[in-house]
1. Which net charge results for the neighbourhood of GLY236, defined as the other residues with beta-carbon distances under 10 angstrom from its beta-carbon, given Lys and Arg at +1 and Asp and Glu at -1?
2. Starting from the Cα-Cα distance between LYS31 and ILE314, subtract it from 0.36 nm times their residue separation and give me the gain in nm to one decimal.
3. Hey, rough spin-label estimate for VAL288 and TRP151, points 7 angstrom out along Cα→Cβ, what's it come to in nanometres?
4. Tell me whether segment 144-207 comes out rounded, prolate or oblate; compute the Cα gyration tensor, take square roots of the eigenvalues as a ≥ b ≥ c, and use a/c under 1.5 as the rounded threshold.
5. Quick one: order ILE196, ILE127, ILE84, ILE26 by neighbouring beta-carbon count within 10 Å, fewest to most.
6. Here are some pairs, LYS6/LYS134; LYS110/LYS232; LYS287/LYS310; which of them have Cα atoms lying more than 24 Å apart in this structure?
7. How high is the relative contact order of the chain, given as a whole-number percent (alpha carbon pairs under 8 Å, six or more residues apart)?
8. With no solvent and one equal point scatterer placed on each C-alpha of segment 2-257, evaluate the Debye formula and give log10 I(q)/I(0) for q = 0.07 Å⁻¹, two decimals.
Amino acid sequence: MLTLTKSLFALMIGFILATGLGLFAIPLLKKIKAGQRINIYVEAHQRKSGTPTMGGIIFIIPTILTTIFLILTNRMEFSVNLLIVLFVFVSYSLIGFLDDYLSIKQNQNKGLTQIQKLFLQFIVALIFYILYRKYTNANSVLEITLLHIKWNLGWFYGVFILLLLVGSSNAVNLTDGLDGLAGGLSAIAFVAFGLISWGSYWIEGYKDMGIFCFILVGAIMGFLVYNSNPAKVFMGDTGSLTLGATLATIAILTNHELSLAVIGGVFVIETITVMIQIVSVVLFKKKVFLMTPIHHHFERLGWREGSIVKVFWIVGFILCLLALIYGVWL
């Protein structure tokens with residue numbers, strides 16, 4: 001009960017700080033002309049052109065400040081696992097911030113090149129792997145308990161970590177195409193991983209990892225005050241890369257790597273539709289979807305943006321419930 005109370009307290013602080021920060025951050029982003037350039041192929045979104053981006057700072061800064069406050073006031077304990085989470089959280093926010101900054105400076109949707117992004121992500125993944133192997137009770141085993149299957153990946157687990165961090169961060173990035181979509185799905189996913197962290201009693205600092213998840217949930221909810229339709233600010237790569245990589249990090253630390261594919265199922269579907277579209281166009285010169293990621297397909301079908309977001313949130317919520325039920329009972 002104490003952990004639950006702490007988590008709700010942390011969620012409340014994160015929400016209040018993020019909501020308050022948004023009042024100052026959005027006018028500042030407008031002042032420095034941090035406007036988002038909209039893809040010319042998404043005709044329905046051209047009215048959003050110029051909306052400030054880099055809004056991820058609205059939930060990133062409060063999450064860091066709240067975590068530091070709770071540690072200094074002895075309401076959270078600092079552990080190596082929490083250090084790893086914070087390291088990835090801050091590192092990916094800096095990568096995303098740099099990408100957004102370069103896009104704004106060059107006045108086009110081109111920041112870091114894919115090679116530059118991958119290099120920076122590789123460095124983060126390498127440091128993650130070193131900390132993970134040296135200072136935690138790490139193992140290189142992937143397990144499906146229901147089927148009694150175990151894979152010992154050995155040294156390849158380091159490559160797997162890189163693929164998971166890169167894949168998860170870019171999946172959230174692809175999903176961030178409608179007002180409130182990626183933010184809402186991420187908040188739902190972090191609630192699930194907060195509960196999973198509480199149950200991962202064999203991990204050092206497992207309760208505090210759960211509290212961190214709820215801090216972030218509160219901060220994302222504060223961000224959604226400004227990002228829900230019609231959005232006053234976009235999270236940009238600053239936010240989307242950070243959220244995806246942090247989800248992957250907690251999944252790895254709690255040994256729920258495969259659960260991430262279910263909890264983040266909407267992110268996975270969004271990514272798969274893009275891959276299918278690319279393969280179909282390259283090999284068969286034919287589109288499978290009207291436009292990808294798939295949320296744009298539904299827009300082309302005439303669905304309202306708000307309706308798409310609500311349906312995707314519901315699907316994400318159901319998938320999270322299924323993952324939690326599987327983790328508890330099966």
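1. Net charge around GLY236: -4.
2. 98.3 nm
3. For VAL288 paired with TRP151, the spin-label model returns 2.1 nm.
4. It comes out oblate by the Cα gyration axes.
5. Going from sparsest to densest Cβ surroundings: ILE127, ILE26, ILE84, ILE196.
6. LYS6/LYS134; LYS287/LYS310
7. 26
8. -0.23
FYI, it's all coordinate maths here, none of it is from the lab. Predicted, not measured: the structure shown is a model, and the values here were computed from it. Methodologically, a virtual Cβ is constructed for each residue, glycine included, from the backbone with ideal geometry; neighbour enumeration extends over all protein chains shown.
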